[in-house]
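One structure is given below, encoded as structure tokens.
Where a number appears in this text, it was derived from the coordinates with a stated rule and is not lab data. Note that the structure is a prediction, hence the values are computed from the model and not measured. Don't worry about glycine lacking a Cβ; one is built from the backbone with ideal geometry, like all the others, and counts go over all protein chains shown.
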Amino acid sequence: MSHYLPPIEQFPRLNQGACYFDSAATCLAPEPVLQQWLQFYREYHASVHRSSHAASREATAQLEQARSDIGQFIGADAHNLCLPASTTIALNMLAEQLPIAWQAGDEIVLSVAEHHANLLPWQRLAKRYQLRLRWLELDRHSGELADDWQQLFNPRTKLLAVTAASNVTGALLPLPELCTAAHAVGALAVVDAAQAAAHVRFNVHSIGCDALVFSAHKCYGVTGAAALYMQPQLWPQMQPWLLGGGMVAQVSREQAQWVDAIQRFEAGTPDSAAIVTFAAALQWLEQQQQAGLHDYLAQLRQQLLHGLQQRQWLKVLPSGAAATPLVSFYSDTIHAYDLAVWLDSVDIAVRAGSHCAQPLLQHFGVESVVRVSLGAYNTAQQIQHLLSQLDQAHALLI
Ligand SMILES: Cc1ncc(COP(=O)(O)O)c(C=O)c1O
């Protein structure tokens with residue numbers, strides 16, 4: 001048994017007995033992390049990388065320290081870590097700027113579990129250049145990556161763009177193996193770690209990816225900050241996507257020269273407070289992991305899974321052996337939205353729908369599912385409460 005004690009007192013809005021089971025969408029931010037955000041605005045708020053006065057120097061130092069700390073969390077050097085506002089923005093930027101000379105018939109390998117953020121930008125690119133999207137399938141029964149996945153990679157493969165974990169089933173994909181297969185045919189490998197970063201300790205070097213991205217707000221931080229690692233041979237070949245202040249070395253009336261640094265991808269004033277808070281959130285997360293959070297959430301997930309499987313009227317989407325702490329399920333007789341509305345009426349927050357992953361739901365032959373995703377503030381009692389409220393819903397809505 002895990003001895004982890006959920007720090008519920010750090011999440012005041014949960015003191016009224018509310019159950020928040022939507023951490024895969026956005027984690028609640030704990031008080032110590034929020035204090036960092038406030039402290040930044042109170043004590044350090046100023047323009048970064050622009051002005052020479054002391055306040056600006058201090059704000060810049062805070063931002064760059066955060067870059068270094070966030071990089072360390074994934075084993076990346078700060079020089080290779082860009083700080084966009086979200087995973088979605090980073091993936092769109094990569095789709096437009098990766099240094100690949102696309103030719104009609106080139107192939108991009110995606111998984112069927114992609115969030116739309118790691119699908120639509122590649123879909124648009126595929127239309128523009130007449131590329132072929134190839135799909136890593138998940139087994140419908142086990143939820144695992146299908147056995148024949150290696151066959152997808154061939155000399156026409158120019159890119160692998162894959163999620164580290166499904167935001168619907170939680171299934172973790174074998175990133176090092178996938179990246180090795182991509183590199184073996186000369187393709188680049190991009191990892192969308194938005195869903196997994198709070199649960200799996202990544203090292204970009206052991207994964208062997210060319211780029212990896214994740215958002216702060218799914219790691220107990222605030223919205224408005226994300227991390228995009230790009231390997232040191234990659235980003236110098238890339239043109240910036242957004243142009244503006246803070247990313248140029250020299251500008252004349254006719255031309256401009258970009259800074260020879262990762263900041264060339266950070267045009268405009270960044271959300272410095274969100275970035276500094278991101279570093280604080282990762283530090284907080286690390287402390288929780290040291291206190292046993294990972295095993296604790298794995299146990300809660302088992303309890304949830306077991307409880308759901310005992311209820312014959314519910315069907316659980318399979319996740320495979322290794323998964324993040326979430327479970328998605330549906331009923332043939334009660335719509336997922338009705339279940340979510342019922343649960344909301346008793347202060348239990350879950351998410352229902354297609355979870356921005358419609359191809360995956362089509363793969364499983366369902367239109368919408370209820371997703372229960374767990375965070376550091378959830379407890380075994382809350383899961384019991386959720387299960388008994390599902391029983392109530394079943395009794396009343398059927
Ligand atoms: C797997 C995955 N990728 C990308 C995203 C998009 O992240 P953001 O909304 O922070 O840009 C999400 C958000 O749910 C996600 O789960």
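A few points about this structure:
- Loop-resident trypsin sites (Lys or Arg not before Pro) (DSSP state other than H, G, I, E or B) in segment 33-118 with no more than 16 further Cβ atoms inside 10 Å of their Cβ: Arg50.
- Peptides 133-144, 158-169 ordered by average Cβ neighbours within 10 Å, highest first: 158-169, 133-144
- Taking other C-beta atoms within 10 Å as the exposure proxy, Asp148, Asp106, Asp347 rank Asp148, Asp347, Asp106 from fewest upward.
- Charges were assigned to the Cβ only: +1 to each Lys and Arg, -1 to each Asp and Glu. The resulting dipole of segment 34-286 about its Cα centre is roughly 580 debye.
- Secondary structure note: in the chain, about 55% of the DSSP beta bridges are antiparallel.
- Rounded to the nearest Hz, the phi-derived 3J(HN,Hα) couplings of segment 149-156 under the Karplus curve 6.51 cos²θ - 1.76 cosθ + 1.60 (θ = phi - 60°) are 4, 4, 5, 5, 7, 7, x, 7, where x marks glycine and proline.
- Taking segment 340-358 and a reference point 7 angstrom along Cα→Cβ of Ile398, the backbone N atoms nearer than 18 Å belong to 340, 342-343.
- Each helix, a run of at least 4 DSSP H residues, gives -39500 (n - 2.57); summed and divided by the residues of the chain, these come to -10500 deg cm²/dmol at 222 nm.
- With neighbours defined as other Cβ atoms within 10 Å of a residue's Cβ, the residues Thr88, Thr379 order from fewest to most as Thr379, Thr88.
- For the chain, with +1 on Lys and Arg beta carbons and -1 on Asp and Glu, the positive-most of Met247, Gln65, His363 along the dipole: Met247
- Label separation (Asp148 vs Tyr41): 5.5 nm, computed from points 7 Å beyond Cα along the C-beta direction.
- Net charge of neighbours whose Cβ lies under 15 Å from the Cβ of Asn80, counting Lys and Arg as +1 and Asp and Glu as -1: -4
- R0 of 30 Å, Cβ-Cβ distance Ala54-Gln257: FRET efficiency to nearest 0.05: 0.55
- Among Leu119, Leu98, Leu28, residue whose mean-square fluctuation peaks in a GNM of the chain (springs only between Cα atoms under 10 Å): Leu98
- Amide H contacts of Gln195: Ala164, Ala165, each under 5 Å away and 5 or more positions distant or on a separate chain (H built 1.01 Å from N in the peptide plane; Pro and chain starts excluded).
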